[in-house]
Every structure is written in C-alpha cells, then in structure tokens.
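The values are calculated or read from the model by the stated rules, or taken from the named source; none is laboratory data. Model, not experiment: these values are computed from the prediction. Positions of Cβ are generated from backbone atoms using ideal geometry, with glycine treated the same way; all protein chains shown enter the neighbour counts. When the accessible area is computed, the model is the full protein with side chains, heavy atoms only, and any ligands, DNA or RNA have been set aside. Shrake-Rupley method; radii C 1.70, N 1.55, O 1.52, S 1.80 Å.
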Amino acid sequence: MRLCAWYLYGEKHRGYALNPVANFHLQNGSVLWRINWMGDTSPRGIGASCGMMVNYRYFLEETASNSALYLGSKQVRASEQVLALVAQFQQNSKL
C-alpha cells in the first residue's frame, strides 16, 4: 500500500504522475483519494495492479483550482490516507 501510494503520488515523468490513469484524473482536477487493498481481484486486476484499486474524488468546486495546481506547479492533491501512506513509505524507503 505504501509503495502504491508513492508510485501514484511521487513517481513522476517530466514532473507529472508516471501512471497514465493518475495523470488523467489529476489533470482533470481530482484528488488522489483512497487506495483499496484487493479492490480488484479479477485476473486482469491482479496482473495489472496486484489487485489494488484507486479512487479519485472530484470536488466540483475545486476541480479548476486542483487542475491548475497540477498543470502549473505539478502538485498532486491527495487525501490524508494517501499522504500518511506516502510518509510511511518515505520513512522506510532506501530509494
């Protein structure tokens, strides 16, 4: 879960999210909201993402500002759950 949070939040290509689905949602103003352990247990879900599923949440009154923040300064908006997982990853990582 920590590695997944870091991958979605912190791994970048030219400053933007490395994951194309994350990049799509973040460009459109979403918040990286929740990571679900074994949220997709289909064979495809296990093969593609080890069964993890991610929720992106759109707060309609914030989508324009979130999108501008991401596109302009490459900052990802994320929930407390995701940020806590990122912090745990950073504390334990040797990367």
Check your understanding: 222 nm [θ] for the chain, helices only, -39500 (n - 2.57) per DSSP H run of 4+, per residue, to 500?
Key -> -14000 deg cm²/dmol
Point to revise | Assigned charges on the beta-carbon of Lys, Arg, Asp, Glu; the range 1-94 dipole about Cα centre (debye) | key: 260
Review point. How about the range 48-95: which trypsin sites (Lys or Arg not before Pro) there are in a DSSP loop, with at most 16 other Cβ atoms within 10 Å of their Cβ?
Key: Lys74, Lys94
Review point. If you keep only loop residues by DSSP, which GluC sites (Glu not before Pro) in the chain have at most 10 other Cβ atoms within 10 Å of their Cβ?
Key: Glu61
Check your understanding: Using a simple spin-label model with points 7 Å from Cα along the Cα→Cβ vector, what separation in nm is obtained for Tyr16 and Tyr58?
Key -> 1.8
Revision key, fill the gap. Computed over the chain, protein heavy atoms only, probe 1.4 angstrom, the accessible area per residue in square angstrom equals 64
Check your understanding: If you take the beta carbon distance between Ala48 and Ala68 as r and set R0 to 30 Å, what does 1/(1 + (r/R0)^6) give as a FRET efficiency, to the nearest 0.05?
Key -> 0.50
Review point. Which sequence of His13, His25 reflects their accessible areas, 1.4 Å probe, from the largest down?
Key: His13, His25
**Study point:** Solvent-accessible area, 1.4 Å probe, carbon plus sulfur percent, for the chain
**Key:** 55
